[in-house]
Structure formats: structure tokens, C-alpha cells
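What follows is a short report on a single structure.
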Amino acid sequence: MSKHVLIVDDEARIRDVVSYALQKEGYRVTAAGDGRAALEILDKLDKRGVDLVVLDVMLPEIDGLEVCRRIRAKSRVPILFLSARSEEIDRVLGLELGGDDYLTKPFSPRELVARARAIFRRVDDPEREPVERAAVLRFRGIEITPERHEVRCAGQVVPLTPTELGVLSALLERPGVVLSRAQLMQRAYRYDNLITERTIDTHVRRIRAKFREAGIDPIATVHGVGYKAAEE
């Protein structure tokens with residue numbers, strides 16, 4: 001079955017252009033003009049009803065950042081932010097809240113389709129690296145089941161986004177090996193070279209925050225070099 005994308009933007013022209021570009025690539029598309037309508041659509045669909053949310057930051061009713069917060073409270077569906085604001089603080093905030101990627105307006109439909117493809121490949125491409133095809137990856141009480149996109153720590157589910165899962169898996173499969181930000185970008189974003197090293201730092205902070213409740217920090221910072229799986 002083709003991927004289902006929810007487009008959320010208050011500009012009808014952008015909704016139409018993005019919808020056409022994605023449908024031309026074979027994706028199913030649903031569109032919403034504001035944040036409240038988007039949340040209502042998601043509530044009506046089952047857990048696998050949407051494979052990607054293309055979400056404008058500046059929305060009426062409920063803004064995109066709040067929509068992202070509410071989605072992340074119960075779902076790990078990938079989120080691609082759209083925004084007319086290009087400041088780094090806005091990009092970082094969107095990622096801190098759980099976004100997987102960020103595209104600044106104006107953008108070309110071709111670039112948006114490329115970003116969507118990259119996100120889908122990070123989620124479920126069967127040709128990805130062996131660690132992501134392994135049945136289970138275990139490290140320090142952390143258990144990753146890639147096939148189900150499930151991460152557990154001490155028996156409790158840790159809700160990582162697909163990108164966060166890629167970063168954590170890249171580190172945990174190589175205990176003791178230090179990976180630079182560039183190496184993590186290659187492994188977690190294998191098909192997308194449009195991100196920055198700052199993005200990796202943002203995802204690492206989010207991963208650490210999610211494991212904090214379990215009393216574990218799975219990632220160690222090697223200053224001036226990068227990151228590695230944290231030993232006990």
C-alpha cells in the first residue's frame with residue numbers, strides 16, 4: 001500500500017502544490033488547513049493511518065509546534081516541518097519538540113518530495129545497514145526491535161522518533177566506538193545530506209531526555225570528537 005501523507009498548511013496554494021507533487025510520486029494525500037483540523041483527522045485514523053505529517057509552523061487555531069507536541073504525546077509518526085522563518089532557533093525548536101526534518105519556505109516541490117523519500121527510507125528501507133535488520137539490538141538494559149520500531153528500557157517503552165532510533169542504533173551497535181557528527185549523519189541520515197551537525201546534537205539531547213526517567217544516559221559525549229555508547 002502506498003504511503004499516506006497528511007499535509008497541514010493554512011495556504012491553499014501550498015496545500016495544492018504539495019499534494020500534487022506527492023500524488024504524482026504515488027503517495028496518498030490528506031490535507032488540513034489548520035492545526036485543530038489536523039488533530040481531528042489524526043484522531044479519526046488508526047495508528048498506521050498516516051505515515052508522514054508535513055506540518056506548517058504558523059497555523060491558525062493551534063500552531064504547528066503545539067500540534068507536534070500533541071502528536072508526540074501519543075505517536076512517533078515522522079513530522080516534516082514547513083516554515084517561512086529560517087532562524088536557527090526555530091529549526092532547533094521544531095526538532096527539539098520531535099520533528100524529523102525542517103524545510104524553509106519558499107521551497108521547491110521536488111525538494112519536499114526528496115525529503116519525504118529520505119524520511120521513509122530511514123523508517124523502513126529493507127536495504128539499510130545490518131543493525132537495522134537485526135531481530136533485536138541489546139545494550140545496558142536497552143532493547144531495540146527495529147522491525148516493530150520499538151525501544152524498551154527496563155521493560156518500559158521509550159518513544160523514539162525514526163530519526164532518534166537511527167542515531168541511537170548507530171551508536172549502540174558499536175559499543176566503545178566514537179562516531180563523529182558527520183559519521184552519525186551518514187548512518188542515521190543515509191539518504192539525506194541536507195541536514196547540519198547541529199541537528200545531530202538536537203536529536204542526542206532528545207534521546208537523553210527520553211531515557212532520563214529510566215535513570216540511564218545511553219550516550220556519552222566525547223568533546224571535540226563526537227558521541228559513543230555510554231558504558232556503565
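Relative contact order for segment 137-229: what is it in percent, counting Cα pairs under 8 Å that are at least 6 residues apart?
On the way: 118 pairs, mean separation 27.5, N = 93.
Here the relative contact order equals 30 percent.
What does the charge count near Leu22 come to, summing +1 for each Lys or Arg and -1 for each Asp or Glu among other residues with Cβ under 13 Å from its Cβ?
On the way: positive: Lys3, Arg15, Lys24, Arg28, Arg110, Arg115, Arg117; negative: Asp9, Asp16, Glu25, Asp51, Glu111.
Taking every Cβ under 13 Å from that of Leu22, the sum is +2.
Might you tell me the accessible area per residue for segment 137-229, computed with a 1.4 Å probe and given in Å²? Intermediate values should be presented prior to the final figure.
Numbers: 4310 Å² over 93 residues.
For segment 137-229, the solvent-accessible area averages 46 Å² per residue.
If the cut-off is 23 Å between C-alpha atoms, which lysines fall inside it for Lys3, apart from same-chain ones fewer than 8 positions away?
Straight-line reach from Lys3, under 23 Å: Lys24, Lys44, Lys47, Lys74.
From Cα pairs below 8 angstrom and at least 6 apart in sequence, can you work out the relative contact order of segment 1-74, rounded to a whole percent?
Values: 106 pairs, mean separation 27.8, N = 74.
It comes to 38 percent, rounded to a whole number.
Figure the gain on full extension for Glu25 and Ser180 (residue separation times 0.36 nm, minus the Cα-Cα span) and round it to one decimal in nm.
Details: separation 155, 0.36 × 155 = 55.80 nm, distance 3.44 nm.
Result for the pair: 52.4 nm of gain on full extension.
The values are calculated or read from the model by the stated rules, or taken from the named source; none is laboratory data. Bear in mind that the values here come from a model prediction, so they are computed numbers and not experimental data. Ideal geometry is used to build each Cβ from the backbone, glycine not excepted, and the neighbour counts take in all protein chains shown. Side chains are part of the model used for accessible areas, which takes the heavy atoms of the whole protein and leaves out ligands, DNA and RNA. Shrake-Rupley method; radii C 1.70, N 1.55, O 1.52, S 1.80 Å.
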